[in-house]
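The values are calculated or read from the model by the stated rules, or taken from the named source; none is laboratory data. Just so it is clear, the model here is predicted, and its values are computed rather than measured. Note: ideal-geometry Cβ built from the backbone for every residue, glycine included; neighbour counts use all protein chains shown. With ligands, DNA and RNA removed, areas are computed over all heavy atoms of the protein, side chains included. Shrake-Rupley method; radii C 1.70, N 1.55, O 1.52, S 1.80 Å.
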Amino acid sequence: MFIIFIIIIILLVFIFFEVKLSFTKNIKKDSSKTIEPIIVTLTKYDINVLRKINDSKILGIIILINNLEIEDLKNLIIEIKKIVKRKIIIALDEEREETYTSFYSKDFKVYPCYIGEKCSIDYARKIAILRASFLRDIGVNMLISPICNMNFYMNKNIFSKDEDLSSKLIYHTVLSYKSKNMIVALKYFPKYFDDMLLKCMNIDNIKTFDAGIKANADFIMITNNFYNYYLDILVKKFNYKKLIITNYINNKKYLVDNAINIISEEIFMNYNYSIDTSSIDKKLEELINNI
């Protein structure tokens, strides 16, 4: 009888540790799927930043290196992929002039204003497909583009001051980017400077952003001032259900929950705080899986 009792005890202990081990594995498996809703800016090649990105679950990188020629960009992405051995976003921002040298000659940069002057949807599609195809081939998988607000301070980076024309060109540009499996972020909602003035403006129908949303853009970048106010407009008036991306953050007090936060390398290297991701976790997984 005693021997049977001992055998039962041993079996129970064995079952307990097996269950515990299985539970621990599941926790680790689940946690490995967690993606930090952070994109880090890269203003220079820094192997320490890249190593930390590799060791973390950071969502991606935005390359913001000045005077970066296309061949240098190609080589930089090769080096990034040697160090960061997992799927991540590698993005370019439309304000960076280097993204316009991706075809034709270095002396002919195809800015949006030039596309707008042609007033041609076919030409807009051609440029977007050429750009997206080239950049996708060298490893870029996200463009923070096109700029959709009508009061952007760099006029060469918007299609036109004509809202109807801009809306059409934005719609077909986003469709063309998406046809080449490029992640797209529209910017900046709803405008760039003098945000306070928007409290008095009617922004029920901003055609340019609406065009980008209808073309299935993945993100909208919101200016950090009055973030919650603009988010409320997007959700309630535009019925926007996709991901939000912040403007560039140089101070951790501006981090927001349930959005993709763009932070500087300096903040990232000291990153030790948490962000609520409960409403975007599934969307982030889908985004990464499709890269």
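Per-structure values
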| quantity | calculated |
| --- | --- |
| Matching residues, segment 232-291, being in contact (Cβ under 8 Å) with a residue 24 or more places away in the chain, in a loop (DSSP other than H, G, I, E, B) and over 17 Å from the mean Cα position of the chain (by Cα) | Phe238, Tyr271 |
| Residue within segment 238-246 that is modelled with pLDDT of 85 or more and in contact with a Ser or Thr (Cβ under 7 Å, 6 or more places away or on another chain) present | no |
| Within segment 50-80, considering residues that are farther than 18 Å from Ile35 by Cβ and of a type in the set (Val, Ile, Thr), the one nearest to the chain's Cα centre (by Cα) | Ile63 |
| Breaking point among (1) modelled with pLDDT of 95 or more; (2) in contact with a strand residue (DSSP E or B) (Cβ under 7 Å, 6 or more places away or on another chain), for Lys82 | (2) |
| Every residue from segment 62-92 that is of a type outside the set (A, V, I, L, M, F, W, C), assigned to a loop (DSSP other than H, G, I, E, B) and surrounded by 13 or more Cβ atoms within 10 Å (Cβ to Cβ) | Lys87 |
| Of the criteria (1) open to solvent by less than 10 Å² (accessible area, probe 1.4 Å); (2) at pLDDT 85 or above, which one Asn216 fails | (1) |
| Single residue of segment 248-291 satisfying the filter (open to solvent by less than 30 Å² (accessible area, probe 1.4 Å) and of a type outside the set (A, V, I, L, M, F, W, C)) that is farthest from Ala91 (Cα to Cα) | Thr277 |
| Residue count for segment 222-232, restricted to those that are open to solvent by 10 Å² or more (accessible area, probe 1.4 Å) and of a type in the set (Val, Ile, Thr) | 0 |
| Subset of segment 213-231 that is within 20 Å of Asp93 (Cα to Cα) and not in a loop (DSSP other than H, G, I, E, B) - its residue that is farthest from the chain's Cα centre (by Cα) | Ile213 |
| Matching residues in segment 177-192 - criterion: being outside any loop (DSSP other than H, G, I, E, B) and open to solvent by 10 Å² or more (accessible area, probe 1.4 Å) | Lys178, Ser179, Ile183 |
